[in-house]
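Participant: Supplied in structure tokens, the structure appears directly below.
The values are calculated or read from the model by the stated rules, or taken from the named source; none is laboratory data. Please read these numbers as outputs of a predicted model, since none were measured by experiment. Cβ: placed from backbone, ideal geometry, glycine included. Neighbour counts: every protein chain shown. SASA here: full protein model, heavy atoms, side chains in, ligands and nucleic acids out. Shrake-Rupley method; radii C 1.70, N 1.55, O 1.52, S 1.80 Å.
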Amino acid sequence: MKKHILLLALLTGVSACNDDFLEKLPQTSISPEAFFNNEGDLALYVNGLLSLPDMYGVYLNDQSTDNAATTGAVEMKVVMTGSPSAQTITGGWDWGRLRNINYFLDNYNRANATADVKAHYAGLARYYRAQFYLEKVGRFSDVPWFSKTLNPGDEELYKTQDPRATVMDSVMADLAFAAASVRESVPGGTPGKWAVMAQYARTALYEGTYRKYHSELNLQATANKFLETAAKISAEIMAANKFVIYNTGKPNADYAALFASQDLSSNKEVILANAFDQTKDRGQNINSTVFGDYEQAPSRDLVQTYLMKDGTRFTDVQGYQQLGFVKEFQNRDPRLAQTLVYPGWVRVGDPASYILRLNKNFTGYHQLKGYVNSTDNAVLNSVDVPVYRYAEVLLINAEAKAELGTLTQDDLDKTVNLIRARVDLPKLLLAEANAKPDAFLAARYPNVTGANRGVILEIRRERRVEFAFENLRFDDIMRWQAGKLLTAIPEGMYFAGLGKYDLTGDDVEDIILIDKSKTIPDEKNKEKNKLGIPLVYYRAGAIGEDVTVYLKNGNAGGTMVTETAVRKFEDPKYYYRPIPQKEILLNPSLKQVFGWN
């Protein structure tokens, strides 16, 4: 079990001093002549660059999107509700990691190793450089491209930004080299050929759709080149027959198993995982932050995006806006109840079904993805995190082809419909989707046009549902030029007004909402339901009142509301971030873009 953890433990043993090691080595402590001697040296250095997202980076990063409400001061919310400037938005302009990567690329050829060995490690370094620059381009668009190690005083440090097109061509060249050079067989928990290919396809789709939908870049004419690459690279991964959608015939459990596994090393859907094992001093869990009312709470808009179990649209159900929690979950896409706490869910160690805890500024919904339902610390802290999943490769292929106008029903059957089959959802039909585009989705993405409008909308639905709370939604919103979605303040569960409500799906009331003027009785004086269990009391009213449950219409009911601060999204400005003003002062050649100052 988890033999690959041993390697990761060794790597993290190195990584514990990675910062010191990589900061000192490029400067004065060890000369390149003394260090880059053989394959072992190359491996040691590149292993020091290993950086994989953990539970926090994956399951808690949808706070900046329409998938969740948040009480946290996340940057996107701060930007939309404040007066942002280059003096107040100061993150992201850091280059230390790039210097470490470029130092390796400047010196790896010194090693006494075969060409293919050196190419493998150079490919990994260029994969890391591509990731580094993709993040920078996503934040600033135009950034300076540095392909070699720079030292204090070098004139090139003071140049202006290179155009986005130039930088992204270099990123794609790095990924092409890495895809051709990195070995398929690598130690567990480290990126190999197929992880590189997945990143290559992801990057191509990102840039292709970004260029297509962002006219401010004046790069729309080159969008298809990237979309064609996304289709090609994803097709190569598919044709290799190395991966499959995890499906054991359990539609109500297989999806959730991907996020609660003690060992993903043999799961054929997972291209790369970040492995954890408490017994090997590499443990992590986020139960106390992902669940309930810490900061992040799933939004009702996300809940409404999931289809019905028969493939029809939930938003076509008459009166869907007034459906309460229990009815919302009836006959839905099984992924909904494997992503969010559902009526009747039982927490390990509890004697009965969990009653959702309600609180002010939260939605009432609880996130399950990323929560480990166990009381055993060894289990809690030893769940692996998927980094790249084959499901994403399939959806990249489908989306790229849909945007190119080449998508066929056969393509859908080899991509989207394999993912849907896992949860016994009916097939997505190309002709039907395009004949009757979903009005609910069309209103959210008004810039989607053309013959494939309907199927593009459905592929976007599939991405949102399949990857909810996996840190892909923000980039999707940005690349689709859908930032206006973020101006809607997330809402929560619906209550018709004051009164008693069942939250566990057994037709027995669990909670009672009372007027703000009422006093919650002590335990012995609380009203009991027909099972003899005291009701959970909440004072309810309008937001800002002295109550625990904020309802849109106060005592008259409505959805739970989370905040009132007006959000604005300046287009195109807020798709980017300013270069911190202190950096402009240090290098006046840098220029702000898209109205930032």
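Participant: Out of (1) within 16 Å of the chain's Cα centre (by Cα); (2) open to solvent by less than 60 Å² (accessible area, probe 1.4 Å); (3) not small (Gly, Ala, Ser), what's the single condition that is false for Asp475?
Facilitator: The failed condition is (2).
Participant: I've got another one for you. So which pairs qualify, if the first residue must be in segment 91-102 and aromatic (Phe, Trp, Tyr), the second must be in a loop (DSSP other than H, G, I, E, B), the Cβ gap must be under 7 Å, and the two must be at least 6 apart or on different chains?
Facilitator: Listed by first residue and then by second, the contacts come to Trp93/Ile579; Trp93/Pro580.
Participant: Here's a follow-up. Assess whether Gly208 counts as being touching a Leu at 6+ places or on another chain (Cβ under 8 Å), in contact (Cβ under 8 Å) with a residue 60 or more places away in the chain, at positive phi and not polar (S, T, N, Q). Even if it seems obvious, please write down each step before you answer.
Facilitator: On the way: touching a Leu at 6+ places or on another chain (Cβ under 8 Å): yes; in contact (Cβ under 8 Å) with a residue 60 or more places away in the chain: yes; at positive phi: no; not polar (S, T, N, Q): yes.
When the stated conditions are applied, Gly208 does not pass them.
Participant: Here's something else I'd like to know. If you take the residues of segment 321-361 that are among the basic types (Lys, Arg) and not in a loop (DSSP other than H, G, I, E, B), which of them is farthest from Gln304 (Cα to Cα)?
Facilitator: Taking segment 321-361 and keeping what is among the basic types (Lys, Arg), we get 327, 332, 335, 347, 357, 360.
This time we only want the ones that are not in a loop (DSSP other than H, G, I, E, B), so: 327, 332.
Values: Lys327: 12, Arg332: 10 Å.
Going through the qualifying residues, I end up with Lys327.
Participant: Give the residues of segment 376-420 that are buried (at least 22 other Cβ atoms within 10 Å of the Cβ) and within 17 Å of Ala240 (Cβ to Cβ), sorted by residue number.
Facilitator: Of everything in segment 376-420, those that are buried (at least 22 other Cβ atoms within 10 Å of the Cβ) and within 17 Å of Ala240 (Cβ to Cβ) turn out to be Tyr388, Arg389, Tyr390, Ala391, Glu392, Val393, Leu394, Ile396, Asn397, Thr415.
Participant: Please determine whether any residue of segment 214-230 is assigned to a helix (DSSP H, G or I), more than 19 Å from Leu407 (Cβ to Cβ) and either touching a residue at least 60 places away in the same chain (Cβ under 8 Å) or of a type in the set (Asp, Glu) (or both). Lay out the reasoning, then the answer.
Facilitator: To start, the set of residues in segment 214-230 that are assigned to a helix (DSSP H, G or I) comprises 215-217, 220-230.
Cutting the leftovers down to more than 19 Å from Leu407 (Cβ to Cβ) gives us 215-217, 220-222.
Right, trim to either touching a residue at least 60 places away in the same chain (Cβ under 8 Å) or of a type in the set (Asp, Glu) (or both) and you get 216-217.
The answer is yes; a qualifying residue exists.
Participant: Also, quick follow-up: Any idea which of (1) in a helix (DSSP H, G or I); (2) modelled with pLDDT of 95 or more; (3) in contact with a strand residue (DSSP E or B) (Cβ under 9 Å, 6 or more places away or on another chain); (4) within 21 Å of Gln367 (Cβ to Cβ) is the one Thr289 doesn't satisfy?
Facilitator: Going through (1) in a helix (DSSP H, G or I); (2) modelled with pLDDT of 95 or more; (3) in contact with a strand residue (DSSP E or B) (Cβ under 9 Å, 6 or more places away or on another chain); (4) within 21 Å of Gln367 (Cβ to Cβ) one by one, Thr289 breaks only (2).
Participant: Further question on the same structure: Spot the failing condition for Pro386; the list is (1) out of contact with any strand residue (DSSP E or B) (no Cβ under 8 Å at 6 or more places or on another chain); (2) of a type outside the set (Val, Ile, Thr); (3) outside any loop (DSSP other than H, G, I, E, B), and only one is missed.
Facilitator: Among (1) out of contact with any strand residue (DSSP E or B) (no Cβ under 8 Å at 6 or more places or on another chain); (2) of a type outside the set (Val, Ile, Thr); (3) outside any loop (DSSP other than H, G, I, E, B), Pro386 violates only (1).
Participant: Let me ask something additional. Looking at segment 286-327, which of the residues that are free of Cβ contacts under 8 Å to residues at least 60 places away in the same chain and closer than 18 Å to Pro490 by Cβ is least open to solvent (accessible area, probe 1.4 Å)?
Facilitator: Phe314
Participant: Can you report the number of residues in segment 542-559 which are at positive phi and modelled with pLDDT of 95 or more? Even if it seems obvious, please write down each step before you answer.
Facilitator: Filtering segment 542-559 down to residues at positive phi leaves 544, 554, 557-558.
When the remaining residues are screened for being modelled with pLDDT of 95 or more, the result is 554, 557-558.
Adding up the residues that qualify gives 3.
Participant: Can you pull out every residue in segment 133-171 that is surrounded by fewer than 17 Cβ atoms within 10 Å (Cβ to Cβ), out of contact with any Phe, Trp or Tyr (no Cβ under 8 Å at 6 or more places or on another chain) and in a helix (DSSP H, G or I)?
Facilitator: Of everything in segment 133-171, those that are surrounded by fewer than 17 Cβ atoms within 10 Å (Cβ to Cβ), out of contact with any Phe, Trp or Tyr (no Cβ under 8 Å at 6 or more places or on another chain) and in a helix (DSSP H, G or I) turn out to be Glu135, Glu155, Leu157, Tyr158, Ala165, Asp169.
Participant: Give me the residue from segment 172-225 that is closer than 25 Å to Tyr575 by Cα and among the basic types (Lys, Arg) and, out of that set, most open to solvent (accessible area, probe 1.4 Å).
Facilitator: Lys225
Participant: Out of (1) closer than 23 Å to Tyr365 by Cα; (2) touching a helix residue (DSSP H, G or I) at 6+ places or on another chain (Cβ under 8 Å); (3) aromatic (Phe, Trp, Tyr), the odd one out for Tyr550 is which?
Facilitator: Of the numbered conditions (1) closer than 23 Å to Tyr365 by Cα; (2) touching a helix residue (DSSP H, G or I) at 6+ places or on another chain (Cβ under 8 Å); (3) aromatic (Phe, Trp, Tyr), the odd one out for Tyr550 is (2).
Participant: Okay, moving on. When Asp116 is evaluated against the numbered criteria (1) surrounded by 14 or more Cβ atoms within 10 Å (Cβ to Cβ); (2) part of a helix (DSSP H, G or I), which criterion, by number, is the only one it fails?
Facilitator: Here Asp116 clears every test but (1).
Okay, residues lined up against (1) touching a Phe, Trp or Tyr at 6+ places or on another chain (Cβ under 7 Å); (2) over 30 Å from Ala439 (Cα atoms):
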position: Arg282; (1), (2): yes, yes
position: Ile286; (1), (2): yes, yes
position: Pro298; (1), (2): yes, no
position: Leu323; (1), (2): yes, no
position: Gly344; (1), (2): no, yes
position: Arg347; (1), (2): yes, yes
position: Tyr354; (1), (2): yes, yes
position: Ser374; (1), (2): no, yes
position: Leu394; (1), (2): no, no
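Participant: Which residues, taken from segment 558-597, are more than 30 Å from Asp142 (Cβ to Cβ), touching a helix residue (DSSP H, G or I) at 6+ places or on another chain (Cβ under 9 Å) and assigned to a loop (DSSP other than H, G, I, E, B)?
Facilitator: Across segment 558-597, the qualifying residues are Glu563, Ala565, Val566.
Participant: Now for a different question. Any chance segment 540-552 includes a residue that's open to solvent by 50 Å² or more (accessible area, probe 1.4 Å), in contact with a strand residue (DSSP E or B) (Cβ under 9 Å, 6 or more places away or on another chain), in a strand (DSSP E or B) and in contact (Cβ under 8 Å) with a residue 12 or more places away in the chain? Step through it out loud before you land on a result.
Facilitator: Of segment 540-552, the ones open to solvent by 50 Å² or more (accessible area, probe 1.4 Å) are 543-546, 552.
Retained after the next criterion (residues that are in contact with a strand residue (DSSP E or B) (Cβ under 9 Å, 6 or more places away or on another chain)): 543-546, 552.
From what is left, the residues that are in a strand (DSSP E or B) are none.
Scanning segment 540-552 turns up no residue that is open to solvent by 50 Å² or more (accessible area, probe 1.4 Å), in contact with a strand residue (DSSP E or B) (Cβ under 9 Å, 6 or more places away or on another chain), in a strand (DSSP E or B) and in contact (Cβ under 8 Å) with a residue 12 or more places away in the chain.
Participant: So which helices (runs of 4 or more DSSP H) are wholly in segment 21-102 and hold at least 1 residues that are open to solvent by 20 Å² or more (accessible area, probe 1.4 Å), modelled with pLDDT of 95 or more and among the polar types (S, T, N, Q)? Quick ask: steps written out before the conclusion?
Facilitator: On the way: elements: 32-35, 39-47, 55-59, 75-81.
Those helices (runs of 4 or more DSSP H) span 39-47, 75-81.
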